[in-house]
Amino acid sequence: MARHEVDVVVVGGGGMGSAAAWRLAGRGADVVLLERFEPGHVRGASHGASRIFRVSYGEPVYIRLAQEAQELWRELESESGTPLLTIIGSVNHGRTPDLDLLAAAVEAAGLPGGWLTPEEAGERWPGLRYDGKVFFHPASGRLHADHAVAALQERAAALGAVVRHRSPVVSIVVKDDDSVDVITDDDVYHARRVVVAAGAWAEKLLGGLVPLPPLRVTQEQPAHFAPLRADDEWPSFGHHFDEETLAATGFLSGIYGLATPGEGIKVGFHGTGPVVDPDNRDFLPESRHVRALQDYARAWLPGVDPDAYTSISCTYTTTPTSDFVLDRVGPVVVAAGFSGHGFKFVPAVGRVLADLALTGERPDARFRLG
Ligand SMILES: Cc1cc2nc3c(=O)[nH]c(=O)nc-3n(C[C@H](O)[C@H](O)[C@H](O)COP(=O)(O)OP(=O)(O)OC[C@H]3O[C@@H](n4cnc5c(N)ncnc54)[C@H](O)[C@@H]3O)c2cc1C
């Protein structure tokens, strides 16, 4: 076994781990990033060409984190020369109080946003149907997930980090508060800190080392539907339903969606996939789920062909509150439970993880271990 001495080992080359390596290397730390699969793999949660970026959250703590992330996405774009974030605006609609809470939080944060009538929204975005008022948030956008992960790893390497793919970590041995061994099949990395951003594998790698909340790993299955008119403009969108409507329609949850250039209109239910073991997935969509998505498209998306779709397979790792876990126990820094809404925050989470590893500064209490 080869032995290496470094400052920080980062386990997991998805969005969160790659951002941590970028921020750590940028602050002069001696970092190695270990990813178990090949570059661009599709077995985790950070692959694909589109993720919704929005600052419009109901809670100030997430609004602040998204605002920081927006600045850091622009910094990464200028460092890497790769465009990543496209501002396209977002609309939220549906008959629930969620909308008013969202609008109030956006207004309280002094962010742009306002109400449209269904006619005004239909005029601008004819691909969607609305049956009530629509909250429009212009500062939302689309992120290119694959390009973002690649840019983060390239920049981390350019700043001195060692990025190793096909390097599964088999165990983490805590020596004391300031030293830890991270072990792969061929190497032992001795470090002051380990940042574990292992996505759906967090419980398997960290169970017993840190008091994680229950993490529910699901296989999510949104789909890309073929647009009927190439020149339709599409915002990112959220459609909220009350329990009564869900029961009456068979829809599995609220809906999110956005256009993925060259692939179609992405539409998904949120956190409704089957619970899976990340090492034993079939990557196959459930037909009941597909039918419910098609029913939604038939009823609410006049701009797509509900029978022309391509399913996507991806994992959510969800905490009981859908809040992220960002904290440190001894030499172990944890990033877990991004609950299907973490990608937009990736570079800001990277900053939080670098703080936890280098200075011990802890984030908002909302993200701390119980
Ligand atoms: C269908 C879908 C749609 C989504 N849409 C949005 C959206 O619109 N907006 C948004 O903000 N968020 C969205 N998300 C959520 C977002 O994509 C995730 O929160 C984010 O990608 C999580 O990143 P991660 O780095 O924690 O996980 P991952 O990307 O899964 O990274 C974990 C990495 O750890 C590696 N790993 C695991 N075990 C080991 C080991 N032992 N050794 C070495 N490496 C290991 C894995 O191979 C993996 O690459 C969506 C997620 C899904 C699934």
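FYI, it's all coordinate maths here, none of it is from the lab. These figures come from a predicted structure and were not determined experimentally. Virtual Cβ from ideal backbone geometry, glycine too; neighbours counted across all protein chains shown.
For the reader, a short list of remarks on this structure follows.
- Over the C-alpha trace of the range 79-120, radius of gyration and Dmax come out as 14.4, 43 angstrom.
- Length gained on full extension, residue 173 to residue 158, computed as 0.36 nm times the residue gap minus the Cα-Cα distance: 2.5 nm.
- A helix-only calculation puts the chain at -8500 deg cm²/dmol for mean residue ellipticity at 222 nm, using -39500 (n - 2.57) for each DSSP H run of at least four residues, averaged over all residues.
- Whole-angstrom Cα spans of the chain along principal axes, big to small: 64, 43, 39
- Unit charges on C-beta of K, R, D, E only; dipole of the range 145-228, Debye: 160 debye
- DSSP-defined beta bridges in the chain - what % are antiparallel, rounded to 5: 70 percent
- Cα convex hull of the range 276-370 - mean projected area over all directions, nm²: 8.9 nm²
- For the pair residue 287 and residue 362, label points projected 7 Å from Cα toward Cβ lie 5.1 nm apart.
- Counted over the range 197-251 with a bin width of 5 Å, the fraction of Cα pairs per bin, in whole percents, is 4, 11, 12, 11, 13, 13, 14, 12, 5, 3, 1.
- Rounded to the nearest 20, the Cβ-based charge dipole of the chain about its Cα centre (Lys and Arg +1, Asp and Glu -1) stands at 220 debye.
- With the gyration tensor restricted to C-alpha atoms of the range 120-207, the semi-axes of the equivalent ellipsoid amount to 44, 17, 12 Å, longest first.
- Simple spin-label estimate for residue 247 and residue 41 in nanometres, 7 Å along Cα-Cβ: 4.4 nm
- Spin-label model distance (nm) - residue 95 vs residue 77, 7 Å beyond Cα toward Cβ: 3.9 nm
- Net dipole in debye of the range 320-370 [+1 Lys, Arg Cβ; -1 Asp, Glu Cβ; about Cα centre; nearest 20]: 40 debye
- Scaled against 2.2 N^0.38 Å for its residue count N, the alpha carbon radius of gyration of the range 1-155 is 1.28.
- DSSP-assigned coil residues among GluC sites (Glu not before Pro) in the range 234-282, each with at most 13 further Cβ atoms within 10 Å: none
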